[in-house]
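Enquirer: First the structure, which I've put down as structure tokens, then a few questions once you've had a look.
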Amino acid sequence: MSFVRLALCVVGVYSMFLLWAIAQERLSVPFKSIEDDSSAKFQSAIIIGTCQSALSSISALLYILLRRNPSQTLSQSLGLEPKSQPSSNGKAVSNGDAHNNNNVHRNGSIHHKESTRFSRKALLVRYLQCSAFITAAAPFGFAALSYISYPAMVLGKSCKLVPVMIMNVVLYRRRFAPHKYLVVFMVTAGITVFMSMGKDQGKGKHRSTALEDVSPYANIIGITYLLINLALDGAVNSTQDEIFARHKVTGQQMMFWINVFCTLITTFLSLLPLPHIPVIHPSAGGQSELMEALAFIRAHPSIVTPLVQFALTGALGQLFIFETLQHFGSLTLVTITLTRKLFTMLLSVVVYKHSLTAGQWLGAAIVFAGISVEAFVKRKDIHAKRVIEEKEKPRIKTL
């Protein structure tokens with residue numbers, strides 16, 4: 001049964017995110033108008049994000065409700081209350097009460113740690129913080145595709161370890177093992193080689209019109225947007241680590257609330273008649289982004305298929321990711337996502353006929369080698385922990 005579940009998770013992650021990647025790249029190039037022979041690019045990353053976050057929150061909610069324990073309240077199922085646990089006298093107590101019971105010493109004194117008390121407000125604030133970072137990051141990732149190729153984008157997004165480390169140090173003062181700095185060096189070197197060895201980042205079946213206008217500076221602009229996107233992604237991941245460390249929530253609960261807040265934020269922004277803001281609100285000023293998007297869809301109906309594909313596959317793909325994380329751990333998930341990103345880049349080269357030089361393939365190899373070092377070390381650490389746990393079990397039983 002475990003093998004079947006793992007096989008389904010691998011197939012689910014691969015199929016959903018490979019289709020998601022094809023749809024994402026398709027959304028980044030011009031669509032033909034039914035009114036005339038002109039072509040235009042869909043500019044609203046906020047609307048694209050709204051579609052995906054709305055479907056993701058619905059799919060996470062359905063997953064939670066289908067897998068919930070009948071004894072749990074809805075609030076507990078959604079992670080807004082600590083789960084009830086049986087106490088030594090057979091009565092159910094909350095996690096907070098169990099924690100306090102464990103801290104009763106022989107002399108009758110109770111040591112209560114304020115930092116470990118469950119706080120719904122603090123948890124929701126962290127979720128909102130993640131959603132704000134995600135909403136801000138999406139437009140920069142979308143804009144980067146106007147200046148760099150999708151394989152370069154995938155390669156850059158494979159390097160989340162770098163911004164995650166930086167943001168963990170800056171925001172939460174965490175430290176890292178020495179090998180991670182080697183990984184950062186290899187990833188940075190690989191990206192540098194890949195970007196410097198490209199003859200024509202825009203060459204392919206779908207060449208960006210923006211790229212043709214600013215080709216001498218395309219790489220600089222694209223990399224800048226990508227770095228901003230990665231920095232915000234790093235803030236998201238470090239905040240998620242903080243949530244898991246301080247609050248006992250599941251991945252599906254986090255997925256639900258972050259996507260709910262993302263949907264609320266992006267819906268609110270799409271209704272505002274914002275002025276023209278590069279990257280953030282590229283549409284003409286004075287009109288809401290929702291109206292601009294609906295007008296574009298009416299004139300370019302061919303966008304509907306990739307837009308639905310992008311939102312649906314992204315939502316389902318997240319469920320497979322959290323299912324893998326819950327049942328097989330982060331090591332298996334890292335291995336699956338690492339190889340998935342490699343195949344995503346190869347699929348993009350084949351489907352959209354991107355041309356990569358030998359130097360770019362070398363840069364990609366350096367990047368994936370660096371990420372493989374991280375996966376290998378993590379595997380050794382997990383194995384060592386399991387050995388220690390197995391040795392401790394007999395001793396604990398004797399006690």
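The values are calculated or read from the model by the stated rules, or taken from the named source; none is laboratory data. As the structure is a computational prediction, the values presented were derived from the model and not from experiment. Virtual Cβ from ideal backbone geometry, glycine too; neighbours counted across all protein chains shown. Only protein heavy atoms, including side chains, enter the accessible area calculation; ligands, DNA and RNA are left aside. Shrake-Rupley method; radii C 1.70, N 1.55, O 1.52, S 1.80 Å.
Enquirer: Probe 1.4 Å, all protein chains in place: accessible area of HIS179 in Å², nearest 10?
Expert: 40
Enquirer: Same structure, new question: If R₀ is 25 angstrom, what is the calculated FRET efficiency for the pair LEU74 and SER119, using the beta carbon separation as r and rounding to 0.05?
Expert: Taking R0 as 25 Å, the efficiency between LEU74 and SER119 is 0.85.
Enquirer: While we're here: To the nearest 10 square angstrom, what accessible area does PHE17 show with a 1.4 Å probe?
Expert: 20
Enquirer: How would you rank 27-37, 314-324, highest first, on the average number of other Cβ atoms within 10 Å across their residues?
Expert: The densest-packed peptide leads the list: 314-324, 27-37.
Enquirer: Take LYS157 and PHE244, extend 7 Å from each Cα along the Cα→Cβ direction, and tell me the distance between the two endpoints in nm.
Expert: Label at LYS157, label at PHE244, 2.0 nm between them.
Enquirer: Using 1/(1 + (r/R0)^6) with R0 = 51 angstrom and r between the beta carbons of ALA40 and LEU182, what's the FRET efficiency to the nearest 0.05?
Expert: Rounded to the nearest 0.05, the efficiency is 0.65.
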